[in-house]
Amino acid sequence: MTPDQHIVVTADGTPTLFSKQFNEHYHSTHGARQESLHVFIQMGLASLPFTPNPIPILEVGGGTLLNAHLSQNWLIQNNRSAIYHIAEAYPPHPQTLNAFWANAPLPQNWMNLYGQPAPIHSQSLSLEHRYNKLEEAELPASFYSLVYFDAFAPSKQPELWTTQVFLKLADSMTQGAILVTYCAQGQFKRNLKQAGFRIESLPGPPGKREMTRATKA
Ligand SMILES: C[S@@+](CC[C@H](N)C(=O)[O-])C[C@H]1O[C@@H](n2cnc3c(N)ncnc32)[C@H](O)[C@@H]1O
């Protein structure tokens, strides 16, 4: 395991990582899997107001690939498919990923995702680590229907929660597309509004009062 991240078991019994670099957990310590299921799958993927097939998804901060894995499960169950692009600037070390997925191993090509240039295709998902730093990414115009915004908190990464970044994301999204995040901080929501999004404050996962869903108006 790299010295930068170590595994922490959360309250629902599922693992998360702790990053020494950012002094922050990757998921809620109240329950990693239940947070991802609630914020990104239930309030995001399962709540899309329209249903392109495949669904173009951008995840900001792919990390452990938990959201990609849960998305694939949902897509298979619902007979849908997605193009899934990941922006990830500091991929976890392969050994760390192996330890994270020790009890429910992912396919080997998923474990190598961050080291390979080509997308991984399956019937339900085309998965690609397409961008490194979001700030430097050249995103396509009017493409994504759904954005999972899963960066570290605004207190840790203020440069990622700015109006400028949300304007860039809005440009990459289609009309009516949604962005979901665990965060409910006031300044962040004002920045989203300034970037032209309509905001919904929704109940958060267990242990968190609120989360945010934003629609490109
Ligand atoms: C809260 S964790 C993400 C958790 C991830 N979705 C998961 O389920 O494991 C935040 C992630 O954002 C990544 N990150 C940090 N700065 C970034 C940047 N500028 N651009 C893209 N990703 C970044 C981190 O390396 C980390 O993997």
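Solvent exposure of segment 1-87, expressed per residue, is 39 Å² of accessible area, with all protein chains present and a 1.4 angstrom probe. Charged neighbours of PHE166, selected by a Cβ distance under 14 Å, balance to +4 (K, R count +1; D, E count -1). With the charge dipole of segment 32-216 set up from +1 on Lys and Arg Cβ and -1 on Asp and Glu Cβ about the Cα centre, the Cα lying farthest toward the positive end among the listed residues LEU70, LEU146, THR212 is that of THR212. Cβ under 13 Å from LEU48's Cβ, LEU48 left aside: what net charge do those residues give with Lys, Arg +1 and Asp, Glu -1? Net charge in that neighbourhood comes out at +3.
What does the charge add up to near GLU59, with Lys and Arg as +1, Asp and Glu as -1, over the other residues with Cβ less than 13 Å from its Cβ?
-2
Quick check: at a probe of 1.4 Å, how many percent of the accessible area of segment 21-102 sits on carbon and sulfur atoms?
48
Annotation: amide H of ALA11 within the under-5 Å range of HIS30, GLY31, ALA32, sequence separation 5 or more or interchain, hydrogens built in the peptide plane.
Applied to segment 40-50, the Karplus parametrisation 6.51 cos²θ - 1.76 cosθ + 1.60 on θ = phi - 60° returns per-residue 3J(HN,Hα) values of 9, 8, 5, 7, x, 4, 7, 10, 4, x, 9 Hz, with x for Gly and Pro. Descending by average beta-carbon neighbour count within 10 Å, the peptides 194-201, 132-139 line up as 194-201, 132-139, the highest first. Between the alpha-carbon centres of segment 7-56 and segment 130-148 there is a gap of 19 Å. The HN-Hα couplings worked out from phi for segment 119-124 by the Karplus form 6.51 cos²θ - 1.76 cosθ + 1.60 (θ = phi - 60°) are x, 9, 9, 9, 4, 9 Hz, whole numbers, x standing for Gly and Pro. Set the Förster radius R0 to 30 Å, insert the Cβ-Cβ distance between ALA11 and ILE76 as r into 1/(1 + (r/R0)^6), and round the FRET efficiency to 0.05. Calculated value: 0.65.
Using every pair of separate Cα atoms, the Kirkwood estimate puts the hydrodynamic radius of the chain at 17.3 angstrom.
The values are calculated or read from the model by the stated rules, or taken from the named source; none is laboratory data. Because the structure is a prediction, the values reported are computed rather than measured. FYI the Cβ positions are ideal-geometry reconstructions off the backbone, even for glycines, and counts take in every protein chain you see. Each accessible area value is taken on the protein alone, full model and side chains, heavy atoms only, with ligands, DNA and RNA left out. Shrake-Rupley method; radii C 1.70, N 1.55, O 1.52, S 1.80 Å.
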